[in-house]
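> Here's a structure for you.
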Amino acid sequence: MADMRTLLIVDDHAGFRSWAREVLAHEGFDVVGEAGDGTTAIRLAEELHPEVVLLDIQLPDLDGFAVAQQITAGPTGHAETATEVVLTSGRAPEDYGRRIAASTHRFLRKDDLSGATLEAVLEPRR
């Protein structure tokens, strides 16, 4: 596939990162990196410039919402990146109250993750 989207996977569970890498690479994504915490995710997003960041909401050091905001704001603090952030969790979106509804980022449950569901979530909003 010539138009593979580059992807950074961020999750504190190595087993999930490994599984997600295997599934998404097989389904047309170019996984350019992995991170187990928010601080590393921010650094790798700045270094690798992935098109998509699959970002767990519950990380050991930083909240996924805060990480998403920093990634999309870029190093200058102003929205300048084309990186799409897809928040993910094993929990239902309702468990986060209005935070997901108020977020500008997409959401996908870990149980629903596949190349097709990730592409569907990334479709332009109407």
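The values are calculated or read from the model by the stated rules, or taken from the named source; none is laboratory data. Here the structure is a predicted model, which means the values were calculated and not measured. Every residue, glycine as well, gets a Cβ built from its backbone with ideal geometry; the counts of neighbours run over all protein chains shown.
> Taking the conditions exactly as written (among the β-branched types (Val, Ile, Thr), surrounded by 13 or more Cβ atoms within 10 Å (Cβ to Cβ) and at pLDDT below 95), does residue 72 satisfy them or not?
So residue 72 fits the description; yes.
> In the set 102, 92, which member is small (Gly, Ala, Ser), out of contact with any Gly (no Cβ under 7 Å at 6 or more places or on another chain) and closer than 18 Å to residue 117 by Cα?
92
> Being under 12 Å from the mean Cα position of the chain (by Cα), within 16 Å of residue 5 (Cβ to Cβ) and among the hydrophobic types (A, V, I, L, M, F, W, C) is the requirement here; does residue 87 meet it?
Against the criterion (under 12 Å from the mean Cα position of the chain (by Cα), within 16 Å of residue 5 (Cβ to Cβ) and among the hydrophobic types (A, V, I, L, M, F, W, C)), residue 87 does not qualify.
> If you don't mind, another one. Which of the residues spanning region 81-110 are farther than 14 Å from residue 55 by Cα, surrounded by fewer than 11 Cβ atoms within 10 Å (Cβ to Cβ) and not small (Gly, Ala, Ser)?
94, 98
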